[in-house]
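A.B. asks: Let me begin by handing over the structure; questions about it come next.
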Amino acid sequence: MDKLIQEHRKQLGNFEVIDFVDEKEIARLRAQLDVKVPMELHWTWNYGSEVAELRNLYEKGKQGQWNAEVDLDWSTPVDRSEFVINPAVSMLAQVCQLMGKDEATQKAAAFDELSYVLSQLLHGEQAALQLCGQLTNVCDKMDEKWYAASQVIDEARHIEAFSKLIERKLGTIYPIGPTLKILLDILLEADTAQKKTLGMQTLFEGMAVGIMDMLRTESRNKLVEETIYRVEQDEARHAAFGVLMMRRVVREATTEERNELEDWAYSILEALNANQQLDMLNLLGPKYGIDPLNVTQMFVSLPNFADLNSIPYMHTVVPNLRRLGLITERTDGRWRSHGMLVESQPGVKGVPATS
Ligand SMILES: [Fe+2]
Ligand SMILES: [Fe+2]
């Protein structure tokens, strides 16, 4: 199996990272706004429900609608002179502290990092919006089309909520990281509904739920916390759609087809994990005198690297992939050696398939 983004890989001790350093290439990737995608469209004349569990999820989606403009309290201030998030979960703030920088600098670093992470979630929301629009075409059952359509409006609301939060309260929408742009394009370009659903609903939305859960619990600002809480409620439903769809696909797949899906899922997450936080560090590190590769080298060499690194993976995406039978003994070792899978971790839950 070929690794993705091979040309930007370099060895840091035992860990192979993906590191983009050519500004021109990064600018070119970001300027690539038009992406050719193979699209199949399926009509169906069966308007009745064929997959009851998807129809139930669609009903839950209808009941769970909210309005980003009126249901969030936009009068809540976000004070950049305070820690907006627990500095213990901000890599930039931690490194600034280690370097002996004053508290004001640590606060500014934590604020910048939160803005960066929320910006990446925002760009991911746009990808989810577009991918679910594709699913309304490529899925062949009416239940799937209805559910995908309901997710389109959820994703539009998430874009609205995050872009308003960042523009009104944080000030800067940071550009998409090059690794994320490439991987999201791979999902949008995928030629089957199965790969699109596995890639977006199971992998990326599972990761997003893990990251949002961490940001929400560590946030020190009510509006940030409430916004993420609202989005997360919807995302849990989206991840559940991934499980319900993929459960049927995996059940009917041949061993060869299942191995292909398993390898594909691994290659996407391996590339995401190989970047660590280098795209963020390359953009924001220099402002704080931080050397991105040194910091990453330090992190991947920590004795508890696997425990720390696996937190967002073990939250939802790994439990759901295991539930689907898409992490098996055949691939267990690879996941473990990349620090994406640990045997046990407090708080590991996964999203119940019926939520
Ligand atoms: Fe979303
Ligand atoms: Fe979503």
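A.B. asks: Taking Cα pairs under 8 Å and at least six residues apart, what relative contact order does region 201-355 come out at, in percent?
C.D. replies: RCO, region 201-355: 33 percent.
A.B. asks: For region 1-133, what is the relative contact order in percent, using Cα pairs closer than 8 Å and at least 6 residues apart in sequence?
C.D. replies: Reported as a whole number, the value is 12 percent.
A.B. asks: Turning to a different aspect of this structure: Please report the spacing between the Cα centers of region 227-244 and region 1-63 in Å, no decimals.
C.D. replies: Going from one Cα centre to the other spans 17 Å.
A.B. asks: Say the dipole of region 104-206 comes from +1 at the beta carbon of Lys and Arg and -1 at that of Asp and Glu; which of G171, Q120, L198 then lies farthest toward its positive end?
C.D. replies: After comparing all options, I get G171.
A.B. asks: Magnitude of the Cβ-charge dipole of region 191-330, K/R +1 and D/E -1, about the Cα centre, nearest 20 debye?
C.D. replies: Once rounded to the nearest 20, the dipole reads 360 debye.
A.B. asks: Round to the nearest 10 and give me the degree value, 0 to 90, for the angle of helix 292-301's Cα axis relative to the longest principal axis of the chain.
C.D. replies: It works out to around 70 degrees.
A.B. asks: Quick one: accessible area per residue over region 94-201, 1.4 Å probe, rounded to a whole number of Å²?
C.D. replies: 32
A.B. asks: With +1 on the Cβ of every Lys and Arg and -1 on the Cβ of every Asp and Glu, and nothing else charged, how large is the dipole of the chain about its Cα centre, in debye rounded to the nearest 20?
C.D. replies: Here the size comes out at about 280 debye.
A.B. asks: Over the heavy atoms of I211, what accessible area does a 1.4 Å probe trace out, to the nearest 10 Å²?
C.D. replies: Counting only protein heavy atoms, I211 exposes about 50 Å² to solvent.
A.B. asks: Tell me which chymotrypsin sites (Phe, Trp or Tyr not before Pro) from region 294-342 have a DSSP coil assignment and no more than 14 other beta carbons within 10 Å of their own.
C.D. replies: Filter output for region 294-342: empty list.
A.B. asks: Okay, next question. With the full set of protein chains in place, find how many percent of the accessible area of the chain is carbon and sulfur; take the probe as 1.4 Å.
C.D. replies: Carbon and sulfur atoms account for 52 percent of the accessible area of the chain.
A.B. asks: For labels at Q32 and T254 in the simple 7 Å Cα→Cβ model, what's the distance in nm?
C.D. replies: Placing both labels 7 Å beyond Cα along the Cβ direction yields 3.2 nm.
A.B. asks: In degrees from 0 to 90, rounded to the nearest 10, what is the angle of the helix 52-63 Cα long axis to the longest principal axis of the chain?
C.D. replies: 50
A.B. asks: May I pose another question? Over 18 Å between Cα atoms, which of K101/K287; K10/K195; K24/K287; K36/K181; K141/K181 qualify?
C.D. replies: K10/K195; K24/K287; K141/K181
A.B. asks: Further question on the same structure: Using only alpha carbon pairs under 8 Å that are at least six residues apart, calculate the relative contact order of the chain and give it in whole percent.
C.D. replies: 22
The values are calculated or read from the model by the stated rules, or taken from the named source; none is laboratory data. Computed from a prediction, not measured in an experiment: that's the story for all the values here. Neighbour counts are summed over all protein chains in view; Cβ atoms, including those assigned to glycine, are modelled from backbone coordinates with ideal geometry. We work out accessible area using only protein heavy atoms, side chains counted, and drop any ligands, DNA or RNA first. Shrake-Rupley method; radii C 1.70, N 1.55, O 1.52, S 1.80 Å.
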